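Each remark here refers to the structure printed beneath this line.
The values are calculated or read from the model by the stated rules, or taken from the named source; none is laboratory data. Here the structure is a predicted model, which is why all the values come from computation and not from measurement. Quick reminder, even Gly has a Cβ in these numbers, built from the backbone with ideal geometry, and neighbours come from all protein chains shown. Protein only, heavy atoms only, side chains kept; ligands, DNA and RNA dropped before computing areas. Shrake-Rupley method; radii C 1.70, N 1.55, O 1.52, S 1.80 Å.
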Amino acid sequence: MAEYIHVGKSVTKIDSLGLAAGMEKFTDDFPTEDTLHCAILYSPHAHADIMDLDTKAALEMEGVVDVLHFKNVSRVLHTTAGQGYPEPSPYDTVLFDRKVRFIGDRIALVAAESREIAVEALKKISVEYKVLEPLFDIEKAMNPSAPRIHGDEEHVEIPVAYRPEVNLAAEVEIAFGDLEEGFSEADFTEEHTYTMQAASHCAIEPHAALAFFDARGRLVIITTTQVPFHVRRIVSRVLDIPLHSIRVIKPRIGGGFGGKQEVILEPLVALVAWRNKRASRIVLSRREVFVSSRTRHAMRIRLKTGAREDGSITALEMDALMNAGAYGTHALTVLSNTGSKVLPLFNKIDHLTFTGKSVYTNLPIGGAYRGYGATQGYFAFNQQIDMIARRAGQDLLEYCKRWHIQEGETSDVFRALGEGKKGVSQTIKSCRLSECIDRGAAAIDWYEKRGKQLKSGNDRVKGMGLAIAMQGSGIPQVDMASASMKMNDDGSFNLLIGATDIGTGSDTILAQIAAEVLCIPMEKIIVLSSDTDTTPFDTGAYASSTTYISGSAVEKCARNIKARIITAASQILGLEEEDLSLDMEKVTAPKSGQQVTYEQIALSTLYSRDQLQIQAQASYVSQESPPPFIAQFAEVDVDEKTGRIYVVKFISAVDCGQPINPVLVEGQVEGAVVNGISYALWEDYIYNSSGKMLNPRFWDYKIYTALDLPEMKTIVVGSFEETHPFGAKSVAEIAINGPAPAIANAVYDAVGVRMFDTPFTPEKVWRKMRS
Amino acid sequence: MEAVFRINGKEKTFSFDSDATLLAVLRDSGYTEIKEGCREGACGACVVLLDGLLINSCQVFAASAAGKEIITVRGLGDVHSPHPVQSAFVDSGAVQCGYCTPGMVLAAYSLLQKNPDPDDSEIKRALDGNLCRCTGYVKIVEAVRLAAGRMQGNG
Amino acid sequence: MREIRWYYPENLKQLPDLLKREGVIPHGGGTGILRGSLNHIEGLIDLGNLQLRYVRYRNGKIEVGAGTTYADLIEHLSGTDPDHILVKALKAAASTPLRNRITVGGSAAFFPVWSDLMGPLLALDAEVTLTGEKGGSYSLSDYTKNGELRKMSLITSVQWKNKSWTSFYHRESRTKVDYPVFSISILLKVRKDTIEDIKIIIVGTARRFTQCLQIEESLKSLTLDQARIEGIGSKLDVQFTGRRNFSAEYLKHCVGIQLERGLKAILRS
């Protein structure tokens, strides 16, 4: 592998000191003058028509300035999904509707001189409802005689399968071979149904947005977003404000995980500002984030496999039923991903079908969430292969190594299943999954403990579980990233990128890439990102795309700059360009020993002769989406008498190509693993019979603290992905896929019960063991 | 009502509503390094030191903090001269999105004031009031260990 | 924007009058008030200047001022008796910043679901001293059952006999930082291999807490060899109400298992 000066080094995150010192600013930290504070009135009914709404009393309150609702806001159908245009999500949302579709749906907004007044005024709005039959169960919702949740009125033609008449937000179907034939070749079949629950992203920063006017009368929106350019486009369209009048700025973001790939609050603050010509601001409470932002989609997966005695799989049938909740944002693409990110992993199954339905219900809205449907698919898939290997008497590790996709291989699924359209065919160029399995197994002493049911005090029995997974690196032929750079007098560079650092460290790794190409110290790259006025376009931080796609754009841009520097140097030195090469902050001619520093080049080009600004830009669209791979191992102790699961150790071995910044890679994996474990064991949306979420607070929706951690280890298994200039693949999402199935497999190894439903609360395990 | 707090070493007069929380009063006065994550004492993003004790500022009435000493993360150090705990968080990769970081840094600082050489279980216990969703806590625990070593002159 | 009147009394004598006022309640610094609605509150009495933050030893008793925080009490007892049941219990309660605020008096008065204080105090046969309308000392057990005692009165201290016990504390919760769905407090005194005294309190039962008198009686005056723990749990007569993530049936099963484990552990030690 090449010797790099920055790539592969754990450079400290460029914003970390400012963050640790409390100096970096998040959305709600920006002061605005003469501001209207907003509060939202939410539906107390899961499904109802609004017959009338009276805001008179609220408007009469001192300090109340404006109230928005269906009578005074135009009805523009759109999706809140922050995806590329046209978004592959149904246009089923308006800012304020005459109908409410879940407890927590938006009814009205009050803008007032203070937050307290706005909240108080909400109580003065009277609403008359006609309560409709609510639908919570996905099977019932698909019944043709069930009430319709959407589509009674006009709808916009969109390029996705959408059948509101049977409450379907999306459908997917792919098939290869002949399922019947495949199952007839099988010696045994396994058919099981797996369910996963809704979950909250729990970014510690709640969603917030503010809007104000600059001195030229343009609307500036500062917001907690993963997708600033999509925000600008969608706000412009929904509010009919010219796009050129809007500037969207993404400041520091306090975590996203998919929850901020949504355009929820921006149109509201923008509209309040636009109508009243004043600044406006909204910050959601934690309760509002839980109930009225977005969740992981609850999903029910039926998986049937046929296998020969040797464990080879002859047929696979996967059917996914996804609970979209009240609106269909990401309803198609999350569902597609359940197939497209999972099924290629075992690419030698001739007879295969994947069908899926995304179903509207009167529950909180599903959306993008780290893992994006793959998490749910891998929960089923990994337990199923554990079962097959056991029944076939095969060593699980050898079994996985034998059947997983290898370098040089492809899968029909890549071609068949894309994001709202056909997928893109690709051949795997880098895959070290077998090495991940071996190294992870060694680190956890797999063979010393697997199948041994080792006992320790207080009735604890040990079990070992494995889960393997792949993900993608951006959306091929869809996601575009761009970068521009310019050279300053001292030989430093401004790097302007649309890429959206939401805490992942992308500003840092993109600077590392630029500094690597240009052979300069990190501090000579000055990063500015995610401002629609000043930085070039980027689709945003989602689909594990930034390192791979934005990173490629930055590399290309830096190469363009390099070419201009060489040209300038050749003129200054009077030497041929091909005789020149870069050394640290200078251009040298190895043959003659002549050299010119970047500073000299900058001063010369800026001030002395043939003056010009050395600058460049580049865009990048990927033709493929190379998957990272991971093997994750759980060692658990199960209390045989109470059913409680203790995750003792958790090891992840990941092939993400060349890690640009190993510490940041570990951080992505560790964060995803802890989120995954806490989701597998406890996190849950608990509703009453009316569809009201009963636990919208951290005291009652339990996420892990430092005290709950198992012993954790992350092994970064290097590979080189030839389609990326530095060999990198993604790593942001993949590690959340393994915890639930690895723990489930470990529980089976320990006590012989199969956990088909998350979360694995002690009582569920106890009941299984008892029956 | 009005009250004087001594904040980050400076005496200042604040005026606020009688039911205001310390969090709201301080953020409204520009101390935006104190973050709000839940308003219910469950996430630790808003912790400050009140008379030397780590507390959730969303769970304290400003009225009952009158006359007291408050330290925020900016009172420990800044980018020009960071406190060893802040530097350790940077060097360990313990800062991802950074929203929990001011609280985490203060929790770590508060621990090390009382217990300069904590073991891992003591570190985890001291961070039990601070939620983080990005890091999985692994590097935060490392950072506290590193800070402890450096502050004792071993690092 | 609700106007709340604040009172900052300097000594206990000023309290009775303040406590009589409609809608005026004492605020020791804990978090109970901010968690609830402020709508019914007209005034708050800041107890910060009343010198109620102390731990002292008097007449063979440990007396804890009502303003003492969980953190204060942990720190104090760790110095003298690190195995004290309150050290074990309070260390696991709430979170570090909350332990710096939650007061002994506030927890004893509210008996909130997240309290890890009450089981140990009930096992210790603690008393509360009140000032105000119902001034005087009462057993904590009576205080929790008699709502009248809380009216227009304030706990100024909690005290219990300073005896040396062997102790066990278990809390059942979802994650570590969580309300305990139940807790088990056991205190044991052994003399010459014979169980001289034992106290078992389960907090979180349908009646808030249950003292396991039958089991206590059945074990008293047995030698350690004679004590048979197996089966005690399944015969345990306690009722639970189902809670989120835990059915009543499961809680009853689980408390039995954990009680047996606790008894075995404490008798072994």
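Summary table below
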read-out: Computed magnitude of the charge dipole of the range A:659-750 (debye, nearest 20; Cβ of K, R +1, Cβ of D, E -1); value: 280 debye
read-out: Neighbour cut-off at most 14 other Cβ (10 Å), DSSP loop, GluC sites (Glu not before Pro), the range A:680-771; value: A:Glu722
read-out: Listed residue (C:Asn39, C:Leu19, C:Gly67) projecting farthest to the positive dipole end of chain C, Cβ model; value: C:Asn39
read-out: Probe 1.4 Å, all protein chains present, accessible-area order of C:Phe209, A:Phe720, largest first; value: A:Phe720, C:Phe209
read-out: Given charges at beta-carbon only (K, R positive; D, E negative), |dipole| of the range C:166-268 in Debye; value: 340 debye
read-out: Sequence of C:Ser164, A:Ser434 when ordered by accessible area, the most exposed leading, probe 1.4 angstrom; value: C:Ser164, A:Ser434
read-out: Contact order normalised by residue count of chain A, Cα under 8 Å, 6+ apart, percent; value: 15 percent
read-out: Kirkwood-type radius of the range A:254-405, with distances r between different C-alpha atoms, in Å; value: 17.7 Å
read-out: Solvent accessible area, Å² - A:His192, 1.4 Å probe, full protein context; value: 40 Å²
read-out: Binned Cα-Cα distance frequencies in the range A:140-280 - 10 Å width, integer %; value: 10, 24, 24, 23, 11, 6, 2, 0
read-out: Entries in A:Lys260/A:Lys341; B:Lys68/C:Lys91; C:Lys91/C:Lys199; A:Lys524/A:Lys591; C:Lys145/C:Lys235; A:Lys641/C:Lys264 that, when Cα-Cα distance is taken, lie over 24 Å; value: B:Lys68/C:Lys91; A:Lys524/A:Lys591; C:Lys145/C:Lys235
read-out: Solvent-accessible area of A:Arg432 with every protein chain in place, 1.4 Å probe, in Å² to the nearest 10; value: 90 Å²
read-out: Cα centroid separation - the range A:440-479 against the range C:34-74, whole Å; value: 48 Å
read-out: For chain B, built as a Gaussian network whose Cα springs stay under 10 Å, the top-fluctuating residue of B:Cys43, B:Cys134, B:Cys58; value: B:Cys134
read-out: The range C:1-69 - Kirkwood radius from inverse mean 1/r over Cα pairs (Å); value: 13.3 Å
read-out: Cβ neighbours within 10 Å from other chains - mean over A:666-674; value: 6
read-out: Cα-based equivalent ellipsoid, the range B:2-75: semi-axes from gyration tensor eigenvalues, Å; value: 17, 14, 11
read-out: Residue of C:His27, C:His40, C:His84 that the Gaussian network model of chain C assigns the largest fluctuation, springs spanning Cα pairs under 10 Å; value: C:His40
read-out: Listed pairs A:Lys130/B:Lys35; B:Lys35/B:Lys114; A:Lys429/B:Lys124 exceeding 30 Å between Cα atoms; value: A:Lys130/B:Lys35; A:Lys429/B:Lys124
read-out: Sequence-distant lysines (8 or more away, or on other chains) whose Cα lies within less than 18 Å of C:Lys20; value: C:Lys134, C:Lys151
read-out: Candidate aspartates and glutamates for bridging to A:Lys556, where Cα separation is under 14 Å - those fewer than 8 sequence places away on the same chain excluded; value: A:Glu516
read-out: ³J(HN,Hα) computed for each position of the range B:68-74 - Karplus, 6.51 cos²θ - 1.76 cosθ + 1.60, integer Hz, glycine/proline x; value: 9, 9, 10, 10, 9, 5, 6
read-out: Cleavage-rule hits, GluC sites (Glu not before Pro), the range A:1-97, DSSP coil, Cβ neighbours within 10 Å at most 15; value: A:Glu3, A:Glu33, A:Glu62
read-out: Under 14 Å from the Cα of C:Lys252 - aspartates and glutamates, other chains or at least 8 residues apart; value: A:Glu763, C:Glu172, C:Asp237, C:Glu260
read-out: Among C:Ile195, C:Ser247, C:Ser234 the positive-end extreme of the charge dipole of the range C:166-268 (Cβ point charges); value: C:Ser247
read-out: Solvent exposure ordering (accessible area, 1.4 Å, most first) of A:Arg232, A:Arg439; value: A:Arg439, A:Arg232
read-out: Rounded to whole Hz, the Karplus (6.51, -1.76, 1.60) HN-Hα couplings of the range A:450-467, x for glycine and proline; value: 5, x, 9, 6, 4, 9, 9, x, 6, 6, 8, 10, 8, x, 10, x, 10, 9
read-out: About the Cα centre, charge dipole magnitude for chain A (Lys/Arg +1, Asp/Glu -1 at Cβ), debye; value: 1180 debye
read-out: Helix axis angle, B:138-151 relative to chain B longest principal axis, alpha carbon, degrees; value: 90 degrees
read-out: Per-residue SASA entry for A:Lys641, accessible area with 1.4 Å probe, Å² rounded to 10; value: 70 Å²
read-out: With Cα atoms, 0 to 90° folded angle of helix C:248-268 axis to chain C main axis; value: 70 degrees
read-out: Relative pair counts by distance (%), Cα atoms of the range A:589-672, 5 Å bins; value: 3, 9, 10, 10, 8, 9, 8, 10, 9, 6, 5, 4, 3, 3, 2, 1, 0
read-out: Globularity index of the protein assembly as shown, i.e. its alpha-carbon radius of gyration over 2.2 N^0.38 Å; value: 0.96
read-out: Overall Cα dimensions of the range C:166-268, principal axis frame, Å, largest first; value: 44, 26, 20
read-out: CD proxy at 222 nm, helix term only [per DSSP H run n ≥ 4: -39500 (n - 2.57); per residue of chain C; nearest 500]; value: -8000 deg cm²/dmol
read-out: Whole-angstrom Cα spans of the range B:84-151 along principal axes, big to small; value: 27, 22, 17
read-out: DSSP-defined antiparallel bridges as percent of all bridges, chain A, nearest 5; value: 75 percent
read-out: Estimated D of the range C:55-161 in µm² per second, where Rh is the Kirkwood radius over Cα pairs and Stokes-Einstein applies at 25 °C, 0.890 mPa s; value: 179 µm²/s
